[in-house]
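Participant: My questions will all concern the structure given below.
Readers should treat all values here as calculations from the given coordinates under stated rules, not as data from a laboratory. Just so it is clear, the model here is predicted, and its values are computed rather than measured. Every residue, glycine as well, gets a Cβ built from its backbone with ideal geometry; the counts of neighbours run over all protein chains shown.
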Amino acid sequence: MTEATLTATPVDSAVRTTTYRDAVRDAIRDALNRDRRVFLMGEDVGRYGGCYAVSKGLYDDFGPERIRDTPLSESTFVGAGIGAALGGLRPIVEIMTVNFSLLALDQIVNNAATLRHMSGGQCSVPLVIRIPTGAGRQLAAQHSHSLEGWYAHVPGLRVVAPATLEDARGMLWTALQDPDPVIIFEHVMLYGMEGTLRADAGPVDIDRAAVRRPGRDVTLIAYGGTLHKALAAAEALAGEGVSAEVIDLRTLRPLDADTILASVARTHRAVIVDEGWRSGSLAAEVSARIMESAFWSLDAPVARVCSTEVPIPYPRHLEQAALPQPDAVVAAAKATLATS
């Protein structure tokens, strides 16, 4: 599935071929140029160029004051980012991979997310935390988590998941304008995704979900890395005469329930695709909201396609078997059609 299938053809003829990785780098570079208060910090983001090469070249252009390598201590450098934000700067903190964010959970959940409330509105924490997430690279059980749903559970945080080149390029600047902490989850399997991007691409909305493919028979709801699997499933279903609408959540907290419910009102069926484990998942929350607010629109129970509830295996064939795949989404969609 190419990026060109995810977005409308740009009206501006000035387009270029790029990758998701380069779009994120361009977003960081743009933010650094726009605002002297912005700086990037994290493990190996400087001379090495980042674990996924996102910050490659930025150290040479902006120097060690604004591209800061940190010690291997997530709690320490996330705490430093919170302090810098409280002091009036606009830090972008990169955590190398989502499982390492657990070492900074106290800073993120008990400090960044709560300081506005605990200070009676006197303090804001305009902090952006970028976190690679997800499985598919054979990094085994300790480096293949999808914990977006955990963070989306926490009041005081905004959680976004760019799945397209436009969002990878545009969400960062918008997030930096937020007075409260924003976590940006970048799925590791998207970094190499190629596509076209307008030369003048810039900030995008981070409040609303997006209808990536209109349809009439069933709604497929996805985000991040699962969006492309949902689109592949929709294409397969179209070959069998089933018109699937695909919703990209984009923002996981706060959820754009209006877009979800409007789609379900049109299609009367819903399948949620979530790389998180099924129990207590973000998919469960979306399902509950549909049941609570659109029950009488449904012609079949809401279906969920999630990762198998095991630590993600290392062997590629087992890893792929554990993750949501397009054929499982197709089967779930067909099951909702068969129920009515």
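Participant: Using the Karplus equation 6.51 cos²θ - 1.76 cosθ + 1.60 (θ = phi - 60°), what ³J(HN,Hα) coupling, rounded to whole Hz, does each residue of region 184-200 give in order, writing x for Gly and Pro?
Facilitator: 10, 9, 10, 5, 4, 7, 8, 4, x, 5, 9, x, 10, 9, 4, 4, 9
Participant: Ok, one more. Taking only the Cα atoms of region 219-303, how large is their convex hull per residue, in Å³?
Facilitator: 87
Participant: Still on this structure, I have one more. Which order do the peptides 117-126, 27-36 come out in when sorted by mean C-beta neighbours inside 10 angstrom, highest first?
Facilitator: Top to bottom by mean Cβ count within 10 Å: 27-36, 117-126.
Participant: Further question: Taking only Cα atoms, what is the 0 to 90° angle, nearest 10, from helix 326-339's long axis to the longest principal axis of the chain?
Facilitator: The helix 326-339 is inclined about 40 degrees to the chain.
Participant: Here's something else I'd like to know. Provide Rg and Dmax in Å for region 266-321, with only Cα atoms included in the calculation.
Facilitator: Using the Cα atoms of region 266-321, the pair Rg, Dmax is 13.8, 44 Å.
Participant: How large is the helix-only mean residue ellipticity at 222 nm for the chain, computed as the sum of -39500 (n - 2.57) over DSSP H runs with n ≥ 4, divided by its residue count, in deg cm²/dmol to the nearest 500?
Facilitator: It comes out at -9500 deg cm²/dmol, rounded to the nearest 500.
Participant: While we're here: So for each of 286-293, 220-227 I average, over its residues, the number of other beta carbons within 10 Å; can you give me the resulting order with the highest mean first?
Facilitator: 220-227, 286-293
Participant: If I take every Cα pair under 8 Å that is 6 or more residues apart in the chain, average their sequence separation and divide by the length, what percent do I get for the relative contact order?
Facilitator: Here the relative contact order equals 17 percent.
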